[in-house]
Amino acid sequence: MRRITLQRLPGKRSGFTLIELLVVISVIGVLVALLLPAVQAAREAARRAQCTSNLKQIGIALSSYENAHRVYPPGRISTYLKGNGHCWGAFSQVLPQLEQGPLFDSLNFQMNPEPDAQSDSFATVNVTGTATVIASLLCPSDGGPALVTVGQSLYAGSNYSLSAGSGFTVAKQPKPSTMPRPNGLFYEDSTIAVAMIRDGLTQTVAISETVRSSSGAPSNSSGLDIFASDPLSGYAVPSNSHPLTSDQDYLSICVEGKINGFRATRGVMWAYGDPGQTIYNHRRPPNDPNLDCRGGLPHQTNLSDPWKSMTLNVTSRSRHPGGVLSLFCDGRVQFVKNSVNRSTWQGLGTLDGAELISATEF
């Protein structure tokens, strides 16, 4: 029998050619380029859904607090303990309603929420509690650190800020006396009942988002280096200590004036009730490109009378593309676009401004 031997013909080789390999790589690259935005969008949608859920939990907590006390918690509690701020914020008051009862019990509300050089050593009693991270106060779209240094201590932050209304002051009895009182839900020693929200619970924002600063405010830092690189990561402290009483004041003092310092403390202390940290206003639309600013008293002046001139122009900000999530007084959460009409946004911040706002305007 004759044996048949198969021989490979010359020039015939198995495998890919370089051109074929390049084509395959190009196709894969195109597919990745097409799929990546969709994957990122899906991830952002999931993060936004979690952020919405957080705000709804806060809304339930506020409602429970109001049912128990017949008023909403104060935006900031100020007793000027030993000349210091002693400014506990609203989030510290609703801890039991946020299922943080043990944390609430661990805090000494007779002392400052933060240690201060002018206080006795017992002021450090709250250091552990105020450094406790609360998951429901953090938006997953904000990848900043959960703990940030302020002074010489670490503090846990919050991505949700309290609305002081559309005005500039947070003082219950502002100075000068010609300045209108706050017209929002949260301000210094506020005691707002549901009946006082005459614009309607569905037309009044209680809380909106804020972006947490990652730099903080270590001791002996003016923050101007941070301001130069990221002017929206906190709020400016102008050299002119005149309170902000109008939009023109904001332009001349903050935008066009000299900035003396910068506090990269936006959203870094959930326990504290402070303009720029846990309190914002509805003066400018969400994510406004202009800087945020605090006017009035020098930052470290903690006396009762000068505090009456404390003012702010700090808007709501978020890491979500195109706008911010806002919690309304009726408990619903709605995404408000950056393009919202300025007067509409201001009207949503007031309790009884009698503005006519259509549901299609925001």
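The values are calculated or read from the model by the stated rules, or taken from the named source; none is laboratory data. Computed from a predicted model, the values in this text were never measured in an experiment. Ideal geometry is used to build each Cβ from the backbone, glycine not excepted, and the neighbour counts take in all protein chains shown.
Could you run through segment 90-106 and say how many residues are in contact (Cβ under 8 Å) with a residue 40 or more places away in the chain and either more than 22 Å from SER163 (Cβ to Cβ) or aliphatic (A, V, I, L, M) (or both)?
Total satisfying the criteria: 2.
What are the residues in segment 311-362 that are in a loop (DSSP other than H, G, I, E, B) and closer than 23 Å to ASP230 by Cα, if any?
Correct list: VAL314, THR315, SER316, ARG317, SER318, ARG319, HIS320, PRO321, GLY322, ASN338, SER339.
Against the condition assigned to a helix (DSSP H, G or I) and of a type outside the set (S, T, N, Q), how does VAL125 come out, does it pass? Show your work before the answer.
On the way: assigned to a helix (DSSP H, G or I): yes; of a type outside the set (S, T, N, Q): yes.
Taking the combined requirement at face value, the residue satisfies it.
Restricting segment 273-308 to residues that are under 25 Å from ASN338 (Cα atoms) and among the hydrophobic types (A, V, I, L, M, F, W, C), which is modelled with the highest pLDDT?
ILE279
Scan segment 267-286 for residues that are under 11 Å from the mean Cα position of the chain (by Cα) and either over 13 Å from SER161 (Cβ atoms) or of a type in the set (Ser, Thr, Tyr) (or both) and report the count.
Count: 2.
Is it the case that segment 44-58 has a residue that's farther than 18 Å from CYS139 by Cα, assigned to a helix (DSSP H, G or I) and at pLDDT 95 or above?
Our first condition is that a residue be farther than 18 Å from CYS139 by Cα; within segment 44-58, this holds for none.
No, segment 44-58 contains no residue that is farther than 18 Å from CYS139 by Cα, assigned to a helix (DSSP H, G or I) and at pLDDT 95 or above.
Considering (1) farther than 20 Å from ILE357 by Cβ; (2) exposed (fewer than 15 other Cβ atoms within 10 Å of the Cβ), say which one SER241 fails and leave the rest.
(2)
Among residues belonging to segment 260-272 that are at pLDDT 90 or above and of a type in the set (Gly, Ala, Ser), point out the one that is farthest from THR149 (Cα to Cα).
Of everything passing the filter in segment 260-272, ALA271 is farthest from THR149 (Cα to Cα).
What strands (runs of 3 or more DSSP E), lying completely within segment 142-230, carry at least 1 residues that are modelled with pLDDT of 90 or more, within 15 Å of PHE328 (Cα to Cα) and among the aromatic types (Phe, Trp, Tyr)?
Result: 160-163.
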